[in-house]
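The values are calculated or read from the model by the stated rules, or taken from the named source; none is laboratory data. Keep in mind that this is a model prediction, so the values were computed, not measured. We place every Cβ from the backbone using ideal geometry, glycine too, and count neighbours over all the protein chains shown. We work out accessible area using only protein heavy atoms, side chains counted, and drop any ligands, DNA or RNA first. Shrake-Rupley method; radii C 1.70, N 1.55, O 1.52, S 1.80 Å.
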Amino acid sequence: MSHNSFGHLFRVTTWGESHGPAIGCVVDGCPPRLALTEADIQPFLDRRRPGQSKFVTQRQEPDQVRILSGTFEGLTTGTPISLLIENTDQRSKDYGEIRDRFRPGHADLTYDLKYGIRDYRGGGRSSARETAMRVAAGAVARKVLAGVTIRGALVQMGPDRVDRAHWDWAAVEENAFFCPDPAAAIRWEAMLTEARKSGSSLGAVIEVVAEGVPPGLGAPIYGKLDADIAAALMGINAVKGVEIGEGFAAAALTGEGNADEMRMGPDGRVLFGDNHAGGVLGGISTGQPIVARFAVKPTSSILTPRKSVDRFGQEVEVLTKGRHDPCVGIRAVPVGEAMLALVLADHLLRHRGQNPDAPTEARLPRN
């Protein structure tokens, strides 16, 4: 009942707190003989790492990962893979004033009501610091997903959305926002600078896309692929909404507009006219790109005083000191990619276990 583990055949258990000595995870169920070293994991952690621009928290954590078990001579052994990252730049004194106060928008109150105790230093276990281990585990999952490409982008900050006509995946790595629209990135820089200077914050929407996913992943009832993706993305800190494919916009379409028409292509492949379904039909992958989006609320740690209560039942005002992301959605992009990778790796192993001879492409006819 601890609920610190994720997945079935490919299973990840994370541990650690924001201001503890270290954070870590154990990846169990990874197949053997996959090439894996710290160098395969570190680039993904570097994309999520704090302190890389003025638009994210200035906590300086190198996030250097160590593999403690589960590999031999650069290959996975099929045994549990233990990963560790040491915390090096904690400032617990920044949180002394809120040790007895509940910060609005945070998990302080609910933790105290559930457990009767909470680690007030940076949010403890509920801190987004924990997501570094999800990113590390996601790098391992990508090894399982040979031939699958997973990418993410920030598509909306506050009320301002990207222009999809100007979408450029290459631009995602060329600005501080993982933004695929260079013009939008310029606007967001001005927006976030103003929010940061005023001590406020902004929300965001992130889109994650997986290409090269084989058909057949998922199950029609309780193991729906899109349901597991939604749960994984919803489990990221500060996420308040998830959609697959057209998502909520599908409600405004007609049946004719929403249905993805099919036709036969070369070599018996099934081709789709569109991808409103986001790559999943009936809970099972179609072979099209998996497309999901998730909404991240504005960072609750702000300098503007907010009304709240303390542990003694007194009404108080709370403002949060310390180093915080003015838009936590920025660093959620690599986290969203990682969670999608974890779900797909788990479902791929499940699918192989039940149906090892299943096709890797949507082809007809089948014998």
* With every protein chain in place, the stretch 127-259: carbon and sulfur % of accessible area (1.4 Å) -> 56
* On each of the three principal axes of the Cα atoms of the chain, give max minus min coordinate, whole Å, ordered largest first. => 70, 50, 38
* Structure fact -> The answer for the chain, accessible area per residue at 1.4 Å probe in Å², is 49
* Structure fact -> Tilt, helix 182-197 to longest principal axis of the chain (alpha-carbon atoms), in degrees rounded to tens, equals 20
* Between S69 and A176, what is the label-to-label distance in nm when each label sits 7 Å out along the Cα-to-Cβ direction? -> 4.1
* Sort 129-137, 238-246, 256-264, 152-160 for me by packing, meaning the mean count of neighbouring Cβ atoms within 10 Å per residue, highest on top. => 129-137, 152-160, 238-246, 256-264
* Structure fact -> Sites removed, the longest contiguous part of the chain containing no DSSP-loop chymotrypsin sites (Phe, Trp or Tyr not before Pro) with at most 16 other Cβ within 10 Å is 1-166
* **Centre separation in Å (Cα based) which lies between the stretch 229-259 and the stretch 7-46** => 28
* Asked: GNM, the chain, Cα, under 10 Å: largest mean-square fluctuation among A332, A190, A210?
  -> A190
* Asked: Taking springs between alpha-carbon atoms closer than 10 angstrom, which of D163, D357, D325 fluctuates most in the Gaussian network model of the chain?
  -> D357
* Asked: By how many degrees, between 0 and 90 and to the nearest 10, does the Cα long axis of helix 38-48 differ from the longest principal axis of the chain?
  -> 60
* Neighbourhood net charge (13 Å Cβ-Cβ; Lys/Arg +1, Asp/Glu -1) for R187 -> -4
